[in-house]
1. Consider I45 against the criteria (1) at pLDDT 90 or above; (2) not in a helix (DSSP H, G or I): it satisfies all of them except one. Which criterion is unmet?
2. Please count how many residues of the stretch 29-55 are surrounded by 13 or more Cβ atoms within 10 Å (Cβ to Cβ) and farther than 24 Å from M70 by Cβ.
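The values are calculated or read from the model by the stated rules, or taken from the named source; none is laboratory data. Quick caveat, the model's predicted, so the values are computed rather than measured. Backbone-built Cβ (ideal geometry, glycine too); neighbour counts: all protein chains shown.
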Amino acid sequence: MGGSIRDAVTSRTLKKMVAQATIYSIWTERNNRLHVGESRSPATIFMFIDHFIKDVILGKRKLKKFQLLMQLWIRYE
């Protein structure tokens, strides 16, 4: 039972990170299009989000709730 609670916390943490990274990416893309006149392809934006999530996980991997996140993230690739 303890594993399922931990899995739920890990999944919730990953969902929050993905939501934050997605919102940030969309906002950045919007600003680039409006102010710079440049746009990126959807594939490039998805790649940015992927790298962003991996960087955050690697940066916080010593924290207890981040230990299983990389496995969970890679599972969805």
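1. Result: I45 passes all but (2).
2. Within the stretch 29-55, residues that are surrounded by 13 or more Cβ atoms within 10 Å (Cβ to Cβ) and farther than 24 Å from M70 by Cβ number 3.
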